[in-house]
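What follows is a single structure, written as structure tokens, with notes after it.
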Amino acid sequence: MDTNGANATTVSSRRGWRKWHGWIGLISAVPTLITAVCGGLLLFRKVGLYERRGPFRDAIQKLHSFEILLPYVGAVAVLLMIATTITGAVVFVQMRRRR
């Protein structure tokens, strides 16, 4: 039985997952950053950092949920974040198996 062929296939598969994970992560970096920053600001809405209701808070909420950009942009961001998580988990498991 040729173990080198099986090894080459495993390494190729691992590289493929890492490549996909890298590209998806790069593409999802911007919506993830927007969501994180806006969500972080929204954590302080009740401690008086800014007005409880007002234009700033409303803008942050709309940007956080991607309503300002377009509703389907938020759906794409969600799908990208899910894909990044799944591919990252697969890469992690593959790396752990290798050890």
### Message
Please list 3J(HN,Hα) in residue order for region 33-48, calculated via the Karplus relation 6.51 cos²θ - 1.76 cosθ + 1.60 where θ = phi - 60°; whole Hz, with x for glycine and proline.
### Response
5, 4, 5, 5, 5, 5, x, x, 5, 5, 4, 9, 5, 9, 9, x
### Query
Which order results if Phe66, Phe92 are arranged by neighbouring Cβ count within 10 Å, fewest first?
Phe92, Phe66
## Note on the structure
Given (i) 1.22; (ii) 1.57; (iii) 1.07 as possible values of Cα Rg over 2.2 N^0.38 Å, the one from the coordinates is (ii)
### Message
For a quick check: sort Ser65, Ser28, Ser13 by the number of other beta carbons within 10 angstrom, fewest at the front.
### Response
Ser13, Ser65, Ser28
## Note on the structure
When Val78, Val47 are ranked with the fewest other C-beta atoms within 10 Å first, the list becomes Val47, Val78
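Since every read-out is calculated from the coordinates, none of them should be taken as a lab result. Keep in mind that this is a model prediction, so the values were computed, not measured. Heads up, the Cβs are rebuilt from the backbone with ideal geometry, glycines too, and the neighbour counts pull from every protein chain shown.
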